[in-house]
Amino acid sequence: MTQQPISSANADKFTLSIDGELRIYSNDKAGKRQAILDGLNAIPTIPVGQDTYMPSNEALQLVATVMYPEGIQTEAAYQTVCQVTEKACDHIGFGPEVELGPPLVRFEARGTYRKQYPPVTAQLINLELDEARLSTTLPRREIACTVVWNKAGFELYGRHWSQITPAQQVQIQEQVDAIIQQAGWQKAEVGSACLYVQPLPVNETAVRAQLKEMLLQTSGRPVTRSVVVYRVQLGAYGRSFYNQELSPEQEAMVTEFLQTFGYNPQLNDGAYWPNPLALKLPTADELTVLLAGLPTVMTVLGEGITLSDLVNTVGGDSTTLADWQKEQLVQTGPVSQALRRLGYKTEITWCQPYQFLPKRSDSLALSLILSAVRVTTDLTKKISLAKGLAVFTPALAIDDKENGLVYLEMVGAKESVKANWAALMGGNRVHWLGARRIEMEGMKQHIKIQSTLPCGWVSQVLLHKQASLKEMNPEQPFYLLDNGAKPVLRHDGRQLAMQWSIPPLFYPMLNKCLSLPLLAEWAGYLWENGRERNLITLLDKGNGQGYATWRVLPAPDEWQKVVQEGLQSQALTF
């Protein structure tokens, strides 16, 4: 092969004869580099045993012809040719110069040669891939690329991956990438790490079996996303993984099975929910009257009605409905509205026989809907803040969220009441009323009401200012005292209706807090919807001595939404 002179008429091109074929290259760095690589690959090699060698002098001549077509004029130019030849040969897989002579080669062929490194074999790489571990995160096998490359580097060059040249590294990477692709593996970038990965095969038949078994076992209850993913992965791969993602095909199977078994395939709070009950329920007004007529039971947790009575009354069947369906019935819709109107919780409580008053003789536990408010009237209850001087406490209401005192009545001899009052208002900020912890700042947040009883004893009441219509700050949450009175039925001449039992100060105090135009006859609607939106919350789990306590948020925007929705639905009218 000979270099042709650069044409003066077309100085940006040059031609090179390779195996008798004239090839044209751009007369720049990239063009010369490509010409050198093409020329080196065309140089005839000779086999020596199991190895292949390329004549070193021909490689040197090729590089010199491309780089210096007019001839090498300086020692520096010669050194440049030697260096470029070394790098180019290394790039195409030939090592440093070695001397070969008889008997390895014929006498006339003796001289310097470059040995070709053997290619990376599929057998070598497949043996390494067989050692790949199973991922704990994704359904796949994986191995670090550098592990495979290092194995190939030792096999080809006898050196660690970090000790071979960049050109040798590129050569190994390209060969390994081609081999792993043919073996069904992929190259993946995970952060700064490079991995070879192979997705695990999917057993679709087992996936379908797992989904069917899961939905049959849930018996119509909600099923969480994590359980669904676990079942799918267990069927598909025989184990689960930390990653909760499913393939599009697996998601399609999940949707198909959920719809077949009557579930909504859209996630709701991390779970798939069955389609709503198909019960035709009475209106909230009708349910309020119906539920008010149910018999009540007494327990150590307060008064309540049985869940079975409630379900049967509203038109369901307590023996066939699943537990989740009963919970849904109690927590949502008109049944929930009626329960709030009647002063009941909208949750189910499981009571053991020994918790009933009197204790049940059987061994059956029952599900109950308990009253939200549980007020005790223990007239013998006492406290003693002053050592040795006890007083009666017919009423005590505490804000357990803020450790604050809402209402406290002390009754007793004048000296005893005075001593306990002084102890409460003294230097100690923290006090214990029995097992109840409260924090006081003197009279900053309270008002005092005092009277003398006919018997000569004294009654002193400590009332939080936010529980007083006169003293309250309209911009702060306020308290309502509830004596636990039950709603009563009334007859308006046409039909029975409920007279709700709402703390009497609810409407005037809320009306004082808000600039909205409120009517007194809206109190029931505002109370019910305020409870539903947690604008009205029960303190101390509804327990109290003499009174239970409600806390009301004066949130103008939220109350405005309640009023607007009431007017739009015509539940409220002017």
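Please treat every number below as a calculation from the coordinates, not as lab data. Because the structure is a prediction, the values reported are computed rather than measured. Here the Cβ positions follow ideal geometry from the backbone for every residue, glycine too, while neighbour counts run over all protein chains shown.
Assorted remarks:
- The structure shown yields Cα extents along the principal axes in Å, and of the options (i) 114, 87, 43; (ii) 138, 60, 53; (iii) 76, 61, 41 that calculated value carries the label (ii).
- Across the chain: Cys residues that no other cysteine approaches within a C-beta distance under 4.7 Å: Cys82, Cys89, Cys351, Cys455, Cys513
- Against the chain, whose longest principal axis is taken from its Cα atoms, helix 225-237 shows a tilt of about 30°.
- Taken along the Cα-to-beta-carbon direction at a fixed 7 Å, the label points for Thr332 and Ala122 span 5.8 nm.
- For segment 122-199, with +1 on Lys and Arg beta carbons and -1 on Asp and Glu, the positive-most of Gln163, Val176, Ala144 along the dipole: Ala144
- Residues Lys87 and Ala193, FRET efficiency given R0 of 35 Å [Cβ-Cβ distance, rounded to 0.05]: 0.75
- Full-extension gain in nm, Gln182 to Leu216, via 0.36 nm per residue minus C-alpha separation: 8.0 nm
- Counting only alpha carbon atoms, the long axis of helix 556-568 and the longest principal axis of the chain meet at about 80°.
- Sorted by Cβ density within 10 Å, fewest first, the residues Trp324, Trp550: Trp324, Trp550
- Amide hydrogen proximity for Tyr344: with H placed 1.01 Å from N in the peptide plane, the residues at 5 or more positions away or on another chain lying under 5 Å are Ala372.
- Cα gyration tensor category, rounded, prolate or oblate, for segment 376-470 with a/c compared to 1.5: rounded
- Site pair Glu108 and Glu565 shows an inter-label distance of 10.3 nm when each label is modelled 7 Å from Cα along Cα→Cβ.
- Label separation (Gln50 vs Asp400): 8.2 nm, computed from points 7 Å beyond Cα along the C-beta direction.
- For the chain: relative contact order, % (alpha-carbon pairs under 8 angstrom, 6 or more apart): 7 percent
- Rounded to the nearest 20, the size of the Cβ-charge dipole of segment 260-368 about its Cα centre is 140 debye, with Lys and Arg at +1 and Asp and Glu at -1.
- Here the relative contact order of segment 203-288, from alpha carbon pairs under 8 Å that lie six or more residues apart, stands at 30 percent.
- With neighbours defined as other Cβ atoms within 10 Å of a residue's Cβ, the residues Val375, Val297 order from fewest to most as Val297, Val375.
- Look at the dipole of segment 204-272 built from charges on Cβ: of Thr218, Ala252, Ala271, the Cα furthest out on the positive end belongs to Thr218.
- Scoring 457-466, 511-520 by mean Cβ neighbours within 10 Å over their residues and listing the highest first yields 457-466, 511-520.
- When each of Asp378, Asp540 is scored by the number of other beta-carbon atoms lying within 10 Å, the sequence from fewest to most is Asp378, Asp540.
- Between the listed residues Thr376, Val562, Pro201, the Cα displaced farthest toward the positive end of the dipole of the chain, a dipole computed from Cβ unit charges relative to the Cα centre, is found at Thr376.
- Using Cβ point charges alone (K and R +1, D and E -1), the dipole size of segment 479-568 about the Cα centre works out to roughly 180 debye.
- Between 0 and 90°, nearest 10: helix 204-218 axis offset from the chain longest Cα axis: 10 degrees
- For the peptides 102-110, 260-268, residues were scored by their other Cβ atoms within 10 Å and the scores averaged per peptide; the highest-first order is 260-268, 102-110.
- Normalised by the number of residues in segment 479-568, the average gap of Cα pairs under 8 Å and 6 or more apart makes the relative contact order 32 percent.
- By definition, a body whose alpha carbon gyration tensor gives a ≥ b ≥ c is oblate when a/c is 1.5 or more and a/b is not larger than b/c, and segment 479-568 fits this oblate description.
- In this Cβ point-charge picture (+1 for Lys and Arg, -1 for Asp and Glu), the chain has a dipole of about 2800 debye about its Cα centre.
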